[in-house]
Structures are given as structure tokens and as C-alpha cells.
Amino acid sequence: MSETVPDLKELLEGLPKNWGKWGNDDEVGSLNYLDSAQVLKGIATVRAGKTFTLQVQMGNPDGDPIWPGRRPAQRMNVLDHGHFMSGKGPHFPGNMEYCDDMMVMYLQGSTQYDALGHVWYDDQIYNGYDAKTTIGGTAKAGVLPIGERGVVGRGVLIDMARHRGKDVLDKGETFTHEDLLEAAASQGVTIEKRDILLIRTGWIGSFYRRDPEEFYKDFKEPGLTFSPELVRWFHEMEIPNLVTDTIANEVTIDPKSGVALPLHSALMRNLGVAFTEIILPDELADDCAEDGQWDFLYVAAPLKVVDGSGAPVNPIIIK
Ligand code: UVW
């Protein structure tokens, strides 16, 4: 690790940016690559009619995997049969009874899309919008335009854990785009231009088997690690969406520079790559290993939260 941790501006100097590419008022970035040709390409992968959902359970009493400092979603009952039994429920003509509940949650507290304006440096978010536009709500490059648009295309799953012969990658274990290409070759699939890139590390699945204290201790997720070459690869491949089974989609601290989450800035802020985090792809991965088909139709749309910095999502895979 370098002795002094560089500023993100210094680390990412000279690397590609997609600002202005889709107009000065664009808010969905590389998702613009997902045109009708990409939708049809995704549909063309469907063979057996198998479906999978990738969201983790939300408000699980045993705990939800979340970034340290955030709190898991809390669901609270507001009305149920108990109210009607004790005569406290509302009365409707015909005697209908019902239950109601509410949830308090971090919008990044489950499987979610980050808004492109979720992370920034140097006072500017994606597309050059002023970081002041995040004050009081993500007014620019928020999650709403992603929810309005939806995300559909050909997805490819790269199972790094399986490729390395592990149930789950180690804390802080890294891999590069070269490793992804090697894993893809061993799976017999090609990552093509404009593919939605899904990566399995086994990390989120392991949350449900591990002691929470051990899971969060010295919090260091495994994941992709920054290099200028990796950023150029994402740019050249026109990857619209990075989807992983970790809480932050990349290794927590870049081991070389010491910078925290540099890909959030290099890919999300600068290239407009949408980040989908905290997926649970284990069942899908097992099925792909069994039938040898690692590409599929990916369909997702985060909830349309006005001015949200992110929003929960339950992506659907169709093979
Ligand atoms: C942070 O914002 C720290 O992470 P995430 O993108 O996982 O929400």
C-alpha cells in the first residue's frame, strides 16, 4: 500500500469519463447502452423458461447484510387481527378486516440500485452535476430515472468463488477484469460488449451461515480491485451495469493505493455504470453450473423513490 493515500482526483486523473456523452441532462449514464438491440439479445438467451429472483430477504429477523453504520430494515405491524379481536380495528360495511404494516429502512439496506449521484469526489457527481444537488435529496442523477427506465439486457454471471474452488472468497480477496475473463473462459461463456455483468463471490450467501460478529469484524469485503486498465476495460466494453453479491461491489479498501471504494468513483461517477449490490445469486449459479448456461435475460427496476440516492430492487433472471 502507498504511504500516503492519494485523493480520488489524483488516482483517477486521465481515466475515461462519459460525462456529456448522452447529453448534459442525462441521469442514467451507461444504462443508455441498453437499447432495443440489447433487450432482444437478452431475450434470445432464453431457452428453458427458468426464472430466478436475486433480492435478499428484507427485514429478516435474523439480520440483513448491510454496510457498517447503516441499520437493517425494520418492519412494524400497524394493524392485524388482534385489533379486530379486541374491537380496535376499523369497521367497514360488510365486515372486511385487513392487516397493515410499515417499514423503516436505508434505501441501500437491501439488494438495491445506487443512484449515479450516490457517490462523488471533487464536488461533482455523475455528468458534472454539482454535488450541492444532493443536499436534502438526490435531485440530479437520483434513482428515480433508473426506476422510470428499467434495466433489461443480456446478463452474464461470472462465478469467481466457484472458479477459485471456494464456497466464498476470503475477506479482502481481490480479482481483476483479467480474472473475470479467465473465469468466463473456464465457464465457457464470453463477456460481450454491453453485457450486464453479474459477479458471484459467495459473500452475501455466507452472511446467512456466519456469526454476524465474525462477518463484520475488520470489515473488508472481497471484490474487484481498481486499476487504470480495469477502468478502461469497462469503458471499452460499454458495461452498463455491475451487479454483485457484495455490499459495495468492490474490495473495501484498494490494497495498492489504500483508497476506499475507488470503483464507485471511477465507474459510477465517471462512466455512469449503474451499481446493483447485495444480490443473492447462489441458486442461479448452481443452476448455471448444472446446465452450462451462464448468460440470460436480466430484468430489473428499482423502486421509483423521488430524489432517492438508491432504492431496493428484486432483479429477475430468465433462462
Ligand atoms: C457506500 O455508499 C459506502 O456503499 P454502497 O454503494 O454499498 O451503498
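Read-outs throughout are calculated quantities, based only on the coordinates presented, and are distinct from any laboratory measurement. Only a predicted model underlies this, so the values are computations on that prediction, with no experimental measurement involved. Glycine gets a Cβ as well: all are built from the backbone with ideal geometry, and neighbour counts include every protein chain shown.
Taking the range 8-44, which GluC sites (Glu not before Pro) meet the DSSP loop condition and have no more than 15 other C-beta atoms within 10 Å? Working shown, then result.
Values: sites: Glu10, Glu13, Glu27; in loops: Glu13, Glu27.
Passing both the DSSP loop test and the Cβ count: Glu13.
With Rg and the Kirkwood Rh both taken from Cα atoms, where does Rg over Rh land for the chain?
Working: Rg = 20.5 Å, Rh = 20.5 Å.
We get a ratio of 1.00 for the chain.
Past 28 Å, Cα to Cα, is the threshold; run Lys256/Lys304; Lys50/Lys193; Lys21/Lys41; Lys140/Lys319; Lys193/Lys319 against it and keep the listed order.
Lys256/Lys304; Lys140/Lys319
Considering only DSSP beta bridges with both partners in the chain, what is the antiparallel share in %, to the nearest 5?
65
Dividing the Cα convex hull volume of the range 125-211 by residue count, how many Å³ per residue is that? List each step's numbers first, then the result.
Working: hull volume 15.4 nm³, N = 87.
Cα-based convex hull of the range 125-211, divided per residue, equals 177 Å³.
Give the cross-link partners of Lys166 among the lysines, using a straight C-alpha distance below 19 Å as the criterion and excluding same-chain residues fewer than 8 apart.
The qualifying lysines are Lys220.
When Leu31, Leu230 are ordered from fewest to most other Cβ atoms inside 10 Å of their Cβ, what list results?
Going from least to most buried by this count: Leu230, Leu31.
Of the trypsin sites (Lys or Arg not before Pro) in the range 1-81, which ones lie in a loop per DSSP and count no more than 11 other C-beta atoms within 10 Å?
Arg47
How long are the three semi-axes of the equivalent ellipsoid for the range 183-241, computed from the Cα gyration tensor as the root of 5 times each eigenvalue, in whole Å, largest first?
Working through the eigenvalues yields semi-axes of 29, 15, 9 Å.
Long-range amide H contacts for Tyr129: which residues qualify at under 5 Å (H placed 1.01 Å from N, peptide plane, sequence gap of 5 or more or a different chain)?
none
Determine, from the Cβ-Cβ distance of Asp307 and Lys21 and an R0 of 35 Å, the FRET efficiency 1/(1 + (r/R0)^6), rounded to the nearest 0.05. Before the final figure, lay out each step's value.
Numbers: r = 24 Å, r/R0 = 0.69.
Taking R0 as 35 Å, the efficiency between Asp307 and Lys21 is 0.90.
Can you tell me the 0 to 90 degree angle between the C-alpha axis of helix 228-237 and the longest principal axis of the chain, rounded to 10?
Here the helix axis deviates by roughly 70 degrees.
Output ³J(HN,Hα) for the range 157-169: one whole-Hz value per residue in order, computed from phi by the Karplus curve 6.51 cos²θ - 1.76 cosθ + 1.60 with θ = phi - 60°, and x for Gly and Pro.
After applying 6.51 cos²θ - 1.76 cosθ + 1.60, I find 9, 10, 9, 5, 4, 4, 4, 8, x, 10, 6, 8, 5 Hz.
Which value, in Å to one decimal place, does the Kirkwood hydrodynamic radius take for the range 85-148 when every pair of different Cα atoms is included? Let's see the in-between values first.
Working: mean 1/r = 0.0654 Å⁻¹.
That comes to 15.3 Å for the range 85-148.
If the elastic network links every pair of Cα atoms under 10 Å, which of Tyr126, Tyr113, Tyr216 fluctuates the most in the Gaussian network model of the chain?
Tyr216
Quick one: what are the phi-derived ³J(HN,Hα) couplings along the range 207-213, Karplus 6.51/-1.76/1.60 with θ = phi - 60°, whole Hz, x for glycine and proline?
Result, ordered by residue: 3, 7, 10, 9, 5, x, 4 Hz.
Under 5 Å between amide hydrogens, which residues at least 5 positions from Ile196 or on another chain qualify, with H placed 1.01 Å from N in the peptide plane?
Here Arg154, Gly155, Val156 satisfy the definition.
Using each residue's phi in the range 187-199, evaluate 6.51 cos²θ - 1.76 cosθ + 1.60 at θ = phi - 60° and report the 3J(HN,Hα) Karplus result to the nearest Hz, with x for Gly and Pro.
Whole-Hz 3J(HN,Hα) from phi for the range 187-199: 7, x, 10, 10, 7, 9, 3, 6, 6, 7, 9, 10, 10.
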